[in-house]
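All remarks here apply to the structure that follows.
The values are calculated or read from the model by the stated rules, or taken from the named source; none is laboratory data. Everything quoted here is computed from the prediction, not taken from an experiment. Using ideal geometry, Cβ is built from the backbone for each residue, glycine included, and neighbour counts are taken over all protein chains shown. Note: areas computed on protein heavy atoms with side chains; ligands, DNA, RNA excluded. Shrake-Rupley method; radii C 1.70, N 1.55, O 1.52, S 1.80 Å.
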Amino acid sequence: MHALQFLIVGKNEEILGTLKRLIENTNGWSATISSEENEVLSYLENNPPDALLVSSGLSEAFEKEIIQFVLHLNIKTKVIMHYGGGSGLLKNEIFSAFPHLAT
């Protein structure tokens, strides 16, 4: 499997931990989690991941801000909105963003 680096952002630490575990169950995929909004933008600027996984609990305004920030940086980071639904849905959302990985 192609290596991917994820940044998972949300407010529920338990959900963030679960998402990290699910992502890292795929060989070559790794994830960093953050529930601190003030750290996310600098992380994206200094360590652009392959995917930004937006989870639950963030304000709508902050979600819009981080999406615009990624677009403004002109980096190849894909933004994936994930608010739940299980591991099958998560994989489908990832493969939709990276269709070349779907087998």
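Residues of segment 72-103 that are open to solvent by less than 30 Å² (accessible area, probe 1.4 Å) and out of contact with any Leu (no Cβ under 9 Å at 6 or more places or on another chain): Ala97 alone.
For every residue, the table says whether it meets (1) in a loop (DSSP other than H, G, I, E, B); (2) open to solvent by 10 Å² or more (accessible area, probe 1.4 Å).
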| position | (1), (2) |
| --- | --- |
| Gln5 | no, yes |
| Lys11 | yes, yes |
| Glu14 | no, yes |
| Arg21 | no, yes |
| Ala31 | no, no |
| Tyr43 | no, yes |
| Pro48 | yes, yes |
| Glu63 | no, yes |
| Val70 | no, no |
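Filtered by the rule that a residue be modelled with pLDDT of 90 or more and either out of contact with any helix residue (DSSP H, G or I) (no Cβ under 8 Å at 6 or more places or on another chain) or under 17 Å from Ala3 (Cβ atoms) (or both), segment 82-99 gives Leu89, Lys91, Asn92, Glu93, Ile94, Phe95, Ser96, Ala97, Phe98, Pro99. Taken over segment 72-103, residues that are under 24 Å from Gly17 (Cβ atoms), aliphatic (A, V, I, L, M) and not in a helix (DSSP H, G or I) amount to 3. Look at segment 78-103: where a residue is closer than 22 Å to Gly57 by Cβ and of a type in the set (Lys, Arg) and a partner is assigned to a helix (DSSP H, G or I) and open to solvent by less than 70 Å² (accessible area, probe 1.4 Å), sitting 6+ places away or on another chain with Cβ atoms under 6 Å, you get Lys78/Ala97.
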